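Please treat every number below as a calculation from the coordinates, not as lab data. For clarity, every value in this text was computed on a predicted model and none was experimentally measured. Counting neighbours? That spans all protein chains shown, and the Cβs are built from the backbone with ideal geometry, glycine included.
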Amino acid sequence: MTRVKICGLRTAEHALVAAGAGADLLGFIFAPSRRQIAPAEVARIGHAVRAATASPPRLVGVFVNETPARMRALARECKLDAVQLSGDEPASFADELADLALIKAIRFDGAATEQRWLEADLPHVQLLVDAHVPGAYGGAGVVANWARAAVLARRHSILLAGGLGPSNVATAIEQVRPWGVDVSSGVETDGAKDAAKIRAFVANARATAQLLRSVEPS
């Protein structure tokens with residue numbers, strides 16, 4: 001089953017919509033961004049989602065070039081299930097945060113730091129493929145390199161992000177075959193999360209994954 005991550009959430013209303021639609025992961029931005037959210041609010045939303053959902057989605061904190069100590073402290077405070085590293089963090093962070101489930105954003109930017117993440121054997125680290133947009137650490141709405149992502153997906157379990165939305169998530173899943181898909185701006189209208197788009201994104205991802213399973217050889 002293709003997992004679905006709805007990222008950049010800032011309200012309990014939209015987090016509950018995503019959980020109700022069947023999202024597997026909910027992402028909260030701790031880094032400076034127009035989608036940044038206070039830790040206390042993440043904790044409040046997480047409590048609301050867990051109280052309202054029998055099988056709640058995992059809560060993911062998204063950080064950019066933060067210290068391991070600070071990320072670990074916020075993971076405890078907000079009861080996060082995973083931490084996403086979306087900056088230029090060194091691969092040594094995988095050892096420093098070995099007690100946490102980690103997601104590391106990869107953008108095929110050619111940096112030596114990124115190459116070390118790609119070459120390392122890190123079973124507790126999930127790779128997330130995003131678009132390479134100079135000066136941006138995600139949320140730009142630009143489509144990632146699906147061809148390179150598909151090659152990586154044959155060797156690693158990846159989340160695919162970058163420019164996804166209800167209209168193209170099916171094609172992305174068909175072409176890349178990722179472990180999961182990640183969306184933020186693609187389920188927004190005028191800069192705010194859109195409940196109808198969230199539901200449509202999850203539904204389209206689920207339908208495509210089910211179709212692919214039905215045609216794959218047993």
Next item on the list: Starting from the Cα of residue 96, step 7 Å along the direction of its Cβ; do the same at residue 213; then give the gap between the two resulting points in nm.
Entry: 3.9 nm
Checklist line | Label-zone membership for region 33-59, site residue 79, 7 angstrom Cα→C-beta point, backbone N under 18 Å | finding: 38-59
Notebook entry, point to check: Shape of region 89-218 from its Cα gyration tensor (a ≥ b ≥ c, root eigenvalues): rounded if a/c is under 1.5, otherwise prolate when a/b > b/c, or oblate?
Noted result: oblate
Next item on the list: Once you have a ≥ b ≥ c as the square roots of the Cα gyration tensor eigenvalues for region 1-62, tell me rounded if a/c is under 1.5, and otherwise prolate or oblate according to whether a/b is larger than b/c.
Entry: oblate
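Dipole size in debye (nearest 20) for the chain around its Cα centre, Lys and Arg Cβ +1, Asp and Glu Cβ -1?
Roughly 500 debye, rounded to the nearest 20.
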Margin query: If the elastic network links every pair of Cα atoms under 10 Å, which of 183, 133, 49 fluctuates the most in the Gaussian network model of the chain?
Written below: 133
Note to self: If I build a Gaussian network model for the chain, linking alpha-carbon pairs within less than 10 angstrom, which residue out of 15, 150, 161 has the largest mean-square fluctuation?
What the structure shows: 150
Notebook entry, point to check: lysines within cross-link reach of residue 104: Cα-Cα under 22 Å, excluding same-chain residues under 8 positions apart?
Noted result: 5, 79
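Given axes a ≥ b ≥ c from the Cα gyration tensor, I'd like to know whether the chain is rounded (a/c under 1.5), prolate (a/b larger than b/c) or oblate. Kindly include the intermediate steps, with their values, before the conclusion.
On the way: a/c = 1.43, a/b = 1.02, b/c = 1.40.
Judged from the Cα gyration tensor, the chain comes out rounded (a/c under 1.5).
List 124, 132, 14 from most exposed to least, where exposure is judged by having the fewest other Cβ atoms within 10 Å.
Placing the least packed residue first, the sequence is 124, 132, 14.
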Margin query: Using the Karplus curve 6.51 cos²θ - 1.76 cosθ + 1.60 with θ = phi - 60°, what ³J(HN,Hα) values do you get for each residue of region 14-30, in whole Hz, with x for Gly and Pro?
Written below: 6, 5, 5, 4, 4, 5, x, 6, x, 4, 8, 9, 10, x, 10, 8, 9
Notebook entry, point to check: Got a sec? How would 197, 5 order by Cβ neighbour count within 10 Å, fewest to most?
Noted result: 197, 5
Margin query: Given the -39500 (n - 2.57) contribution per DSSP H run of 4+ residues, what per-residue ellipticity at 222 nm results for the chain, rounded to the nearest 500 deg cm²/dmol?
Written below: -11500 deg cm²/dmol
Margin query: Can you tell me which of 26, 16, 152 moves the most in a GNM of the chain? Springs connect C-alpha atoms under 10 Å apart.
Written below: 152
Checklist line | Cβ-placed point charges (K, R +1; D, E -1), dipole of region 1-53 about Cα centre in debye, nearest 20 | finding: 120 debye
